[in-house]
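Enquirer: Here you go, one structure.
Just so you know, all these numbers are worked out from the coordinates, no wet-lab data involved. Computed from a predicted structure; not experimentally measured. Because the Cβ atoms are built from the backbone with ideal geometry, glycine has one as well, and the counts that use them run over all protein chains shown.
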Amino acid sequence: MDLPLSDFRRMEVEEFDTSKLLAHATKQATERGYKNFPIVDVDSHHYESESIGEILDYMEDPVLQQLARSARQANAKSVGMLPAGVGYQDMGGRVMRYAVRGMEKTEAGVQRDIALTRRWMDAIGIDVAVMFPTPMLQLGLHPQVEVEVALARAYNRWLTERVLAHEPRIRSMLYLPFNDADAAFRTVQEFSQNKGVVGFMVTSARYRPVHHNSFMKTYALLEEMGLPLAFHAGYNWNDQTVGMMNRFISVHALGFVFYNMVHLANWITNGLPERFPKLKVLWVESGLAWVPFMMQRFDNEYMMRSSEAPALKRKPSEYMRDMYFSSQPMEMTDMAALEQTFRMIKAETQLLYSSDYPHWDFDLPSTIYDLPFLNEQAKRSILGGNAMKLFNLKLPAQKLARVA
Amino acid sequence: MPELFVAKAAQFPDGERRIVSHGAREIGVFQWQGKFYAYENLCVHQGGPACEGIMMHKVEDVIGPDRGWLGQKFSSDEMHFVCPWHGYEYDLKTGECAADRSLKLKSFEVVQRGEDIYVVAS
Ligand code: FES
């Protein structure tokens, strides 16, 4: 395969092997003794678009199924059923695995997502990974609500039957078709007992306020079952405000926080933590720097305008401190600020390591393990212990990842 | 200081790179416009294989006389190599991180003896 460069040259790539790409991560795992404790990754990804043929087999509406199959056949890259926004995650080919991942060979007889996921988990030293889709992170923006519902259900069925049932190291918080509150409720009812399901996930990029009354029964059900609800960030360049930004760096930096800020604001000011005090809420892939901002901003205004958030019995930041946050992409350019953030979010119990692998801005466990201000116990909690508690994971005593 | 054999000059075309190891240390050796450069293959970010990625010219904004933005171009002389893990860019001629020049990859001397290219793994 030839990759285009900045002049007449092209870079030839003959093979791609995740284990080789991550050889330095494997070395880190050995040097830091990851074999001595479990590592749980609460946010990783696969490319469900590569299995879309299989997923569509699980779609029940015959007309939508035929529409999707047809659009796919005509030209996989043309406008079809899966929304695909403008974006440059591969950074003009600089993050090479985007272009060459299709060349990677996997062992015969093993489902490809399982084979690839095991491979990078072993390379990094991760025992259990919570896996999410990739293009479907945009599905909440689909103009046809019924398509979100149908695709979500097909995906959840495919994922539980083809992936989660076969590899206990891979777990997922299943996709909630949140633009249809009843369908979201039915999704929890139907799938919560399936093997490997550790909670449910709302893709944050959407225009549906979380405080709408139609969602209360879903929150109540999740609370009763003790299953966490995650909001997975995503950008939307078609949003008018985001559309004012002309560089992907800006769209990504702000876009991946924007919707979670809106949802968190609604969640707090509408008193949902008081109404669902046992519901465990997890904010995924917005990094951490936004949280101290939200805490200070909302505490400050709440002191003046508590009449507008009358359900609250404590300051907004105190509710936020009861929530869970995934670590990646962790802002690491100012250690003092990061240390302060860890203190503010009660990282020792509320922070969950996430890699986001294989996406462009993934974080290795060393981003946590090498922090100078954490003791060994805190490192191990953030890298695995907190997630094991949150998801009620029972792991065997021996390390699952192959780490020397 | 051990000298590590990198390649025969004839088998190391301009614009290419080789990775050699010495114990646990990996070194990326580049040839660019007739000169050799060698850096430790260990990214300052999260320890990725910095020398194994794509080589791309620096991207530049083109600003007009009225300070308006006219477009972008690739630099005619500044070449970068890019860590494949997350895209940190390094100046090929200095090993400095393009986004923060105070960060730098460890560099090594490259010597040619007759047809043979060596890197001095200090
Ligand atoms: S490790 Fe090199 S860019 Fe992150």
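Enquirer: To make sure I understand the rule: partners must be lysines, Cα under 24 Å from the Cα of residue B:58, and not fewer than 8 residues away in the same chain. Which ones qualify?
Expert: Excluding near neighbours in sequence, the set is B:35, B:73, B:93, B:104, B:106.
Enquirer: Now a separate question. Specify the residue with the greatest mean-square fluctuation among A:138, A:377, A:28, computed from a Gaussian network of chain A linking alpha-carbon atoms under 10 Å apart.
Expert: A:377
Enquirer: What per residue convex hull volume, in Å³, do the alpha-carbon atoms of the protein assembly as shown yield?
Expert: Enclosed volume per residue, from the Cα hull, is 178 Å³.
Enquirer: How much FRET efficiency would the formula 1/(1 + (r/R0)^6) give for residue A:20 and residue A:145, where r is the Cβ-Cβ distance and R0 is 51 Å, rounded to 0.05?
Expert: For residue A:20 and residue A:145, the calculated efficiency is 0.70.
Enquirer: Further, regarding this structure: Which FRET efficiency, nearest 0.05, do residue B:106 and residue B:63 yield, Cβ-Cβ r, R0 41 Å?
Expert: 0.75
Enquirer: Under 5 Å between amide H atoms, partner at least 5 residues away or on a different chain: which partners does residue B:6 have, H built in plane at 1.01 Å?
Expert: The answer is B:117, B:118, B:119.
Enquirer: Which one of B:38, B:24, B:99 has the biggest mean-square fluctuation once chain B is modelled by GNM with Cα springs under 10 Å?
Expert: Comparing B:38, B:24, B:99 in a Gaussian network model of chain B, the most mobile one is B:24.
Enquirer: Moving on to the next point. May I ask you to evaluate 6.51 cos²θ - 1.76 cosθ + 1.60, the Karplus curve with θ = phi - 60°, for each residue of the range A:363-368 and list the ³J(HN,Hα) values in order in whole Hz, giving x for glycine and proline?
Expert: 10, 7, x, 5, 4, 8
Enquirer: Shifting gears a bit: Which helices of chain A meet both criteria: a Cα extent of 27 Å or more along the helical axis and a mean Kyte-Doolittle score no lower than 0.5, with helices taken as whole DSSP H segments?
Expert: Once both thresholds are applied, what remains is A:248-269.
Enquirer: Just in the range A:10-57: which trypsin sites (Lys or Arg not before Pro) are loop by DSSP and have at most 11 other Cβ atoms within 10 Å?
Expert: Filter output for the range A:10-57: empty list.
Enquirer: Would you please classify the overall shape of the range A:92-241 from the alpha carbon gyration tensor, given that a ≥ b ≥ c denote the square roots of the eigenvalues, rounded means a/c under 1.5, and beyond that prolate means a/b larger than b/c while oblate covers the rest?
Expert: Since a/c reaches 1.5 but b/c is at least a/b, the shape of the range A:92-241 is classed as oblate.
Enquirer: Summing Lys, Arg as +1 and Asp, Glu as -1, what charge do residues with Cβ under 12 Å from the Cβ of residue B:112 carry, residue B:112 excluded?
Expert: -1
Enquirer: Starting from the Cα of residue A:315, draw a straight line to each of the aspartates and glutamates and keep only those under 20 Å, dropping any in the same chain fewer than 8 residues away.
Expert: Correct list for residue A:315: A:274, A:299, A:301.
Enquirer: While we're on this one: Just to confirm a number: summing +1 for Lys and Arg and -1 for Asp and Glu over residues other than residue B:103 whose beta-carbon lies under 13 angstrom from that of residue B:103, what do you get?
Expert: Local charge sum for residue B:103: -2.
Enquirer: In a shell of Cβ-Cβ distance under 12 Å around residue A:4, excluding residue A:4 itself, what net charge do Lys and Arg (+1) and Asp and Glu (-1) give?
Expert: Result for the local shell: -1.
Enquirer: Cross-link candidates for residue A:399: which lysines have Cα within less than 28 Å, leaving aside residues fewer than 8 places away along the same chain?
Expert: Cross-link targets: A:20, A:27, A:35, A:105, A:195, A:280, A:346, A:379, A:389.
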